[in-house]
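Have a look at the structure below before the remarks.
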Ligand SMILES: Nc1ncnc2c1ncn2[C@@H]1O[C@H](COP(=O)(O)OP(=O)(O)OP(=O)(O)O)[C@@H](O)[C@H]1O
Ligand SMILES: [Mg+2]
């Protein structure tokens, strides 16, 4: 009875989708992440800002499983997953883009997107012998999905070109398409608009907003505060590996500690 209510609460998502508590990552003597705590609720789009070296990308690496924490806890949908590797996190619905995208340069744009497909029985070589029909069907479905995603990021015309011909901004969009192949529930975007021209910037903002409208939970690292303010109702500020403050874009941008953290970072 009562237990039933509790279970329903969890199923309905009252626990945050991502919860980071007292998270620490040391590199030798450097405390890149130093007791960081934050939560991301289902369907939210949150900005993650902070001066260079604040630990934002390291936090992404910890949430995505690319790094193991020194201590502290990461929960996804209330399950402690700090020890799971990146493949398992993808299976739990975590998708992340890299600050500097590195597509396979000689593979085509389409092939690069296909590398994001997960849990395809076709990836297991023995299925080629025992399950040929199913493999073919899955491969066709993956191909169709990859083409639809390339349409979504406006790269369909370049699908048969090697990825090396893409501009920096197009590489970021390619990466977005690649991670969407795995149907992530939460999308971690590491500076998707850095170094992108103003037209492409507007397009990227539009796509990120569309993804959030489709129900994806989004955590957005971005130095472009205007972009953050346009997209995010809530902003989390990191400095020196810790949570400095959080609030609306207007609240955090006039917060004295935020102002001095940025000035300190520049000095
Ligand atoms: N693999 C690593 N080994 C050693 N030090 C690292 C490693 N990764 C990051 N660092 C250091 O940890 C600190 C935090 O780096 P991180 O990349 O997380 O910062 P950031 O907030 O993403 O900065 P930026 O805005 O410049 O991207 C920096 O001092 C960085 O040099
Ligand atoms: Mg970074």
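The values are calculated or read from the model by the stated rules, or taken from the named source; none is laboratory data. Quantities reported herein were computed from a predicted structural model and do not represent experimental measurements. Don't worry about glycine lacking a Cβ; one is built from the backbone with ideal geometry, like all the others, and counts go over all protein chains shown.
What the table shows:
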item	result
Every residue from region 56-83 that is under 22 Å from residue 183 (Cβ atoms), part of a loop (DSSP other than H, G, I, E, B) and either out of contact with any helix residue (DSSP H, G or I) (no Cβ under 9 Å at 6 or more places or on another chain) or within 16 Å of ligand 2 (Cβ to nearest atom) (or both)	66
Inter-residue pairs, beta-carbon under 7 Å, first farther than 16 Å from residue 74 by Cα and in region 6-35, second at pLDDT below 95 and more than 10 Å from ligand 1 (Cβ to nearest atom), 6+ apart	10/78
Looking only at region 212-228, and only at residues there that are modelled with pLDDT of 95 or more and surrounded by fewer than 19 Cβ atoms within 10 Å (Cβ to Cβ), the one that is nearest to residue 58 (Cα to Cα)	212
Filtered residues of region 178-195 (kept if buried (at least 21 other Cβ atoms within 10 Å of the Cβ), more than 16 Å from ligand 2 (Cβ to nearest atom) and assigned to a loop (DSSP other than H, G, I, E, B))	184
Members of region 53-82 that are more than 10 Å from ligand 1 (Cβ to nearest atom) and more than 26 Å from residue 14 (Cα to Cα)	68, 70
Condition broken by residue 102, with the remaining ones in (1) within 13 Å of ligand 1 (Cβ to nearest atom); (2) surrounded by fewer than 14 Cβ atoms within 10 Å (Cβ to Cβ) satisfied	(1)
Region 84-98: number of residues that are outside any strand (DSSP E or B) and either within 24 Å of residue 227 (Cβ to Cβ) or within 16 Å of ligand 2 (Cβ to nearest atom) (or both)	2
Index of the failed condition, residue 145 passing every other in (1) surrounded by 12 or more Cβ atoms within 10 Å (Cβ to Cβ); (2) modelled with pLDDT of 75 or more; (3) touching a helix residue (DSSP H, G or I) at 6+ places or on another chain (Cβ under 7 Å)	(3)
Number of the condition not met by residue 244 [criteria: (1) within 16 Å of ligand 1 (Cβ to nearest atom); (2) loosely packed, with under 15 Cβ neighbours inside 10 Å; (3) not in a helix (DSSP H, G or I)]	(2)
